[in-house]
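Below is one structure; the comments refer to it alone.
The values are calculated or read from the model by the stated rules, or taken from the named source; none is laboratory data. Given the structure is predicted, the values throughout are model-derived calculations rather than measurements. Every residue, glycine among them, receives a Cβ derived from its backbone with ideal geometry; neighbour counts consider all protein chains shown. Accessible surface areas use protein heavy atoms only, side chains included; no ligands, DNA or RNA. Shrake-Rupley method; radii C 1.70, N 1.55, O 1.52, S 1.80 Å.
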Amino acid sequence: MQKRQHIVAGNWKMNLSYLEGRDLVREITDRLQPTETLVVLAPPFIHLNNIGNIIHGISNIYLGAQNCHWAEAGAYTGEVSARMLASIEVGFVIIGHSERREYFAETDAMLAQKTDAVLAHNMRPIFCCGEKLDVREAEKQEELVSEQLHSGLFHLSPDAFRQVVIAYEPVWAIGTGKTASPQQAQDMHAFIRQLIAEQYGQDIADATPILYGGSCNPSNARELFQQPDVDGGLIGGASLKAADFLAIVNSF
Ligand code: PEP
């Protein structure tokens, strides 16, 4: 079986001024040890170009965006297209974060179109899935995640799917300090890999990075990343402090 890529992506959400963001990235790049883990920084849009310049030429660190629109261009006030992101060398785009689904009413149909736009511009989607607490309590989390993947991703051709990164983020664990146990994460990641295998075959399933997200921090990252189907993390709060973020990057 081929070795899967390890990825740690920092989702800054709507945090940090221009100068605060610049300082954080300088600190991260100054202290980053050589690593085989791919590091993705996903700041708000206003930071992207400057951070792109700071990380230029440093291996294994990539620019990520938190969202994009599905259209190439046009009358969509306030939006940013995949084409624009690609033009400043963004490598990854987070698609379908639960906060986008919840507060901006993003539907699976929209997410499928956004995924297509990202891939059409040779970037990699980090496609988020995950259940809310009531769904977990009703033990329906596998059904829900299966539905999210079928609606948002499984229309892709096998070749296109090879570029996809999945982030499993149980909504009840995001920003709550309540992490999924390593076993809960492993069970869902193994389930997701099995869904991919059914759709695209075992080789593609074995090669697809599946990240865990939800209150991941320096104290719990190692145990989570030791699970056989957990290939890294999508990190919110802990990505805003260089020391914490780097400790997570170094947790493999
Ligand atoms: C996230 O927003 O993707 C996330 C995982 O947040 P946090 O790490 O703060 O729970």
Every residue from region 73-83 that is without any contact (Cβ under 8 Å) to a residue 40 or more places away in the chain and surrounded by 12 or more Cβ atoms within 10 Å (Cβ to Cβ):
79, 80, 81, 83
May I ask you to verify whether residue 99 is within 16 Å of the ligand (Cβ to nearest atom), open to solvent by 40 Å² or more (accessible area, probe 1.4 Å), closer than 28 Å to residue 241 by Cα and not small (Gly, Ala, Ser)?
yes
Could you tell me which residue of region 66-96 is farthest from residue 49 (Cα to Cα), considering only residues that are away from the ligand (no atom under 14 Å from the Cβ) and β-branched (Val, Ile, Thr)?
77
Tell me whether region 49-60 contains one or more residues that are away from the ligand (no atom under 16 Å from the Cβ), β-branched (Val, Ile, Thr), touching a residue at least 12 places away in the same chain (Cβ under 8 Å) and closer than 23 Å to residue 210 by Cα.
no
Does region 224-231 include one or more residues that are without any contact (Cβ under 8 Å) to a residue 24 or more places away in the chain and either over 14 Å from the mean Cα position of the chain (by Cα) or within 22 Å of residue 65 (Cα to Cα) (or both)?
no
Could you check how many residues of region 102-146 are among the charged types (D, E, K, R) and open to solvent by less than 30 Å² (accessible area, probe 1.4 Å)?
3
